[in-house]
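This report refers to the structure that appears directly beneath it.
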Amino acid sequence: MISRFPAIAEEARLTARALFDFADHIVHPTVRLGVTGLSSAGKTVFVTALVRNLVDGGRLPVFESMASGRIARARLQPQPDDAVPRFDYESHVRSLIAERRWPESTRRVSELRLVIEYQSSTGGARHRTLTLDIVDYPGEWLLDLPLLATSYAEWSAHALGLSRAGPRRILSAAWHAHLAGLDPEGPEDEQATLNAARLFTDYLRACRGERYALSLLPPGRFLMPGDLAGSPALTFAPLELSNEGPGPRGSLRSMMERRFEAYKDVVVRPFFRDHFCRLDRQIVLVDVLAALNAGPDALKDLRAALAAILACFRTGRRTLASALFRPRIDRILFAASKADHLHHTSHDRLERILARITERACGEAKFAGARIDVVALAAVRATREAMISRRRDTLQAIVGVPVASERAGAEIFDGETEVAVFPGELPGDPEVLFGGIETAFIGLASGSPLEADYRFLRFRPPVLQASGNGTAGLPHIRLDRALQFLIGDRLA
């Protein structure tokens with residue numbers, strides 16, 4: 001557990017940083033928007049589409065300040081944090097538009113500053129400005145924050161308990177076989193530790209794979225080590241322990257405990273202090289469809305992961321006291337991404353499923369005064385809808401160009417040919433997904449539950465048509481609704 005003195009010192013340090021930010025934001029009204037989500041949820045695409053549509057005046061009818069013409073312009077400015085990598089907006093736009101290729105996934109913290117000039121809804125000739133600092137970071141890092149209040153023994157027990165349930169039991173077999181031969185009270189053994197860390201990481205990676213799509217996978221940096229790859233801070237693993245006390249000096253257990261604490265010091269605390277605790281608003285992107293496709297275990301795991309993520313946020317109503325001493329996140333949006341993989345008749349159903357997944361955790365945050373909402377969106381819409389006749393039936397379909405090498409049965413796509421896909425429809429009542437029913441989708445063509453393993457095709461970004469001013473807006477689904485919830489009130 002964290003000792004009392006370091007915790008007090010950390011609180012004092014965070015309060016000092018909050019006072020500095022508060023003074024700066026009086027002169028320059030600012031919203032720090034956190035964008036996160038678990039692997040492959042679409043964080044990079046979301047940030048790129050948000051900025052592109054604001055800077056180039058995209059079609060955002062539900063975003064009131066844009067739709068009413070009160071936004072004069074939005075422009076990029078150099079970010080304030082010199083030690084944080086810049087979000088590579090221009091490269092990501094080029095990937096989406098010129099190359100029609102999805103940009104690389106988020107693997108580190110990055111930042112982008114956008115200044116929005118607007119006119120108040122109450123009138124007045126003078127333009128005001130709102131600075132939007134967008135902080136993009138991997139959701140897996142959020143799942144590390146509970147480690148700050150967790151001992152190595154507690155973490156080991158929890159990780160081992162998870163690994164013995166559901167599909168994890170099979171995926172962890174090689175790691176467990178190695179674990180059985182380790183003596184926690186025996187002498188330090190670098191090679192045994194390296195092997196344990198490698199097998200544990202392989203197990204986490206297998207859990208995250210498309211077939212299982214599990215979400216609760218801390219420590220997050222084990223799957224995206226970056227420049228810490230091979231360091232002792234990322235070379236440890238859970239052990240079978242008989243007690244919660246510290247291990248003997250020089251023992252394997254003592255070595256693992258020391259590296260576990262180093263991981264918190266080197267990785268988790270700097271992220272919490274320098275980025276996470278400074279956020280004002282937050283969007284959490286969620287690939288609900290991947291969990292539905294993988295089955296009940298993935299859905300259950302996703303629910304636990306989102307509850308753990310929400311528990312990390314310091315939520316509550318924004319007040320002068322909270323702004324002065326410890327900022328609180330006063331709005332959180334959970335967004336089910338990739339809504340363009342479904343016909344629009346299932347978009348509201350996707351929202352209801354996500355609301356059901358986050359229901360319990362959201363209740364606690366709302367009680368604290370935070371506003372929380374859910375939305376089904378596609379930050380960049382890669383498909384269009386069509387009605388296809390098949391025999392005597394007319395079926396709802398989506399049309400797009402699958403990524404090269406995508407498969408549907410025996411067919412392999414070339415990345416150039418447009419195809420029509422019958423995506424099926426989500427259940428109208430989300431409760432059926434939490435009652436032990438294995439199948440999430442209903443086959444439209446047959447009218448019966450799909451028994452085969454069902455996967456969505458990945459589509460290429462769309463071909464864009466230039467607007468009258470020569471720029472190409474990015475088509476989307478409900479991105480404007482997300483913007484209205486996240487920053488609409490600050491542009492009133």
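Of note:
- Distance in nm between pseudo-label sites at residue 399 and residue 190 (7 Å out along the Cβ direction from Cα): 6.3 nm
- Accessible surface area normalised per residue over segment 170-223 is 46 Å², counting heavy atoms of protein chains with a 1.4 Å rolling probe.
- For residue 395, residues with placed amide H under 5 Å, excluding near neighbours: 388, 389, 390
- Cross-link partners of residue 300 among aspartates and glutamates, defined as those whose alpha carbon lies under 15 angstrom from its own and excluding same-chain residues fewer than eight positions apart: 287, 359, 431, 438.
- Gain on full stretching of the segment that runs from residue 129 to residue 62 - 0.36 nm per residue minus C-alpha separation: 22.1 nm
- For segment 108-172, the share of accessible area belonging to carbon and sulfur comes to 54 percent (1.4 Å probe, ligands and nucleic acids excluded).
- Residue 266 sits among other residues whose Cβ lies under 14 Å from its own Cβ, and their net charge, with Lys and Arg +1 and Asp and Glu -1, is +1.
- Placing dummy labels 7 Å off each Cα toward the beta-carbon, the span from residue 274 to residue 410 is 5.5 nm.
- Stretching the chain fully between residue 122 and residue 418 yields a gain of 101.8 nm (0.36 nm per residue, less the alpha carbon separation).
- Rolling a 1.4 Å probe across all protein chains gives residue 432 an accessible area of roughly 50 Å².
- 14 Å cut-off, amide nitrogen to a point 7 angstrom out along residue 228 Cα→Cβ, residues in segment 111-150: 138-148
- Backbone phi angles across segment 173-190, fed through the Karplus curve with coefficients 6.51, -1.76 and 1.60 (θ = phi - 60°), yield HN-Hα couplings of 4, 5, 5, 5, 5, 5, 4, 4, x, 9, 10, x, 8, x, x, 3, 9, 4 Hz in residue order; Gly and Pro are listed as x.
- Spacing of the two label points (7 Å from each Cα toward its C-beta) at residue 76 and residue 99, in nm: 1.6 nm
- Span from the segment 65-120 Cα centroid across to the segment 353-402 one, whole angstrom: 24 Å
- Taking 0.36 nm per residue of sequence separation and removing the Cα-Cα distance, the residue 180/residue 107 pair yields an extension gain of 23.0 nm.
- Centre-to-centre, using Cα atoms only, segment 170-209 and segment 257-290 are separated by 24 Å.
- In order along segment 79-85, the Karplus-derived 3J(HN,Hα) couplings, from 6.51 cos²θ - 1.76 cosθ + 1.60 at θ = phi - 60°, round to 6, x, 9, 5, 8, 9, x Hz, and Gly and Pro are given as x.
- Evaluated at q = 0.13, 0.27 Å⁻¹, a Debye calculation over the C-alpha positions of segment 192-258 (equal weights, vacuum) places log10 I(q)/I(0) at -0.42, -1.21.
The values are calculated or read from the model by the stated rules, or taken from the named source; none is laboratory data. What you see is a predicted model, and the numbers here were worked out from it, not measured in a lab. Heads up, the Cβs are rebuilt from the backbone with ideal geometry, glycines too, and the neighbour counts pull from every protein chain shown. For the accessible areas, the whole protein counts, side chains as well, though only heavy atoms, and no ligand, DNA or RNA atoms are used. Shrake-Rupley method; radii C 1.70, N 1.55, O 1.52, S 1.80 Å.
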